[in-house]
């Protein structure tokens, strides 16, 4: 029997998660049996599922059956998901699923999630940074360290997943002296009318990256984070100063080996040239490097990459799928 999960929050992250799971449901270690959103009704959810211009469900036939959403697959099989429109303390299916996927963005503090641990539900997985959770587990970095004692955990964030496993590879291969990251981050489309200028913000990566990685700290790591009035794919530039001089050709060999055969396989990708951000919408990778824009200056490595921050759900799914397989 597969494990059962319930999602709280059907915003952009919850929408991407449902699509990502549906495309892999036959091989997934869990099924999604419940969705709750405190503002979106089942009819509004149905409209989103059938009309969203970025997360496309066109290969499925989706309809409402009472208080359930039925998703019919091309092969005739189907999934029925109970949909509720309740405040978090009135969700009637709390305690029913094995896992509670907290994807609303509203409950990132441990005490706000404790009520979800009930009866069958033994684990809450937050789709955002949580500073006081039982643990932050980044797939491809430390996901196998999950403890049976953990009850409330975080997957990190889009930037944490884009940076941490890659920085760990750089450190293990070359030994990091210091590093900085420049993030040009999009905003959700519905917020475009509210923001029409560049905004500098604090990025959770700066604190959580130093917390997760032994090789960086507040004295050798900086994140410059800029939100722009644009809803497409985001950009992330990496710089690492390492403990030895390296040359470009050897670095590319090491990077290709890690991406196609080693520790970064299925997490990152590399393209030869820059074809613009649009092709990385709904990418399955945490970030995609542009080979032509990689620079090596003595013992410093510069890389430019694209990442679809909305679809960092891919690493959230991987983490949840791993947990369900244990």
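The values are calculated or read from the model by the stated rules, or taken from the named source; none is laboratory data. Remember, predicted model here, so these are calculated numbers, not experimental data. Glycine also receives a Cβ, built like all others from the backbone with ideal geometry; neighbour counts cover every protein chain displayed.
Among the residues that make up segment 71-82, is at least one of them under 23 Å from the mean Cα position of the chain (by Cα) and surrounded by 17 or more Cβ atoms within 10 Å (Cβ to Cβ)?
Taking every residue of segment 71-82 in turn, at least one turns out to be under 23 Å from the mean Cα position of the chain (by Cα) and surrounded by 17 or more Cβ atoms within 10 Å (Cβ to Cβ).
What residue, of 160, 164, 124, is crowded, with 17+ Cβ neighbours inside 10 Å, without any contact (Cβ under 8 Å) to a residue 60 or more places away in the chain, farther than 26 Å from residue 233 by Cα and under 17 Å from the mean Cα position of the chain (by Cα)?
Matching residue, one of 160, 164, 124: 124.
Could you give every pair whose Cβ atoms fall below 8 Å, whose first residue belongs to segment 100-113 and is closer than 14 Å to residue 319 by Cα and not assigned by TED's automatic domain parsing to the domain that holds residue 87, and whose second residue is in a loop (DSSP other than H, G, I, E, B) and at pLDDT below 95, counting only separations of at least 6 or pairs across chains?
No pair meets every condition.
State all residues of segment 28-62 that are in contact (Cβ under 8 Å) with a residue 60 or more places away in the chain and surrounded by fewer than 16 Cβ atoms within 10 Å (Cβ to Cβ); if no residue qualifies, say none.
29
Those residues that are in a loop (DSSP other than H, G, I, E, B), touching a helix residue (DSSP H, G or I) at 6+ places or on another chain (Cβ under 7 Å) and within 23 Å of residue 56 (Cβ to Cβ), I need them from segment 70-123; list them, please.
Of everything in segment 70-123, just one residue is in a loop (DSSP other than H, G, I, E, B), touching a helix residue (DSSP H, G or I) at 6+ places or on another chain (Cβ under 7 Å) and within 23 Å of residue 56 (Cβ to Cβ), namely 103.
Test of understanding: among 141, 116, which residue is touching a strand residue (DSSP E or B) at 6+ places or on another chain (Cβ under 9 Å) and either at pLDDT 95 or above or more than 17 Å from residue 324 (Cβ to Cβ) (or both)?
The match here is 116.
Return the only residue of 289, 240 being over 26 Å from residue 25 (Cβ atoms) and touching a residue at least 40 places away in the same chain (Cβ under 8 Å).
Checking each option against the conditions leaves just 240.
In segment 221-232, what residues are under 28 Å from residue 133 (Cβ atoms) and in contact with a helix residue (DSSP H, G or I) (Cβ under 9 Å, 6 or more places away or on another chain)?
Across segment 221-232, the qualifying residues are 221, 222, 223, 225.
Give me the strands (runs of 3 or more DSSP E) completely within segment 197-293, filtered to those with at least 2 residues that are under 22 Å from the mean Cα position of the chain (by Cα) and at pLDDT 95 or above, ordered by residue number.
Hits in segment 197-293: 221-227, 234-242, 268-271, 287-290.
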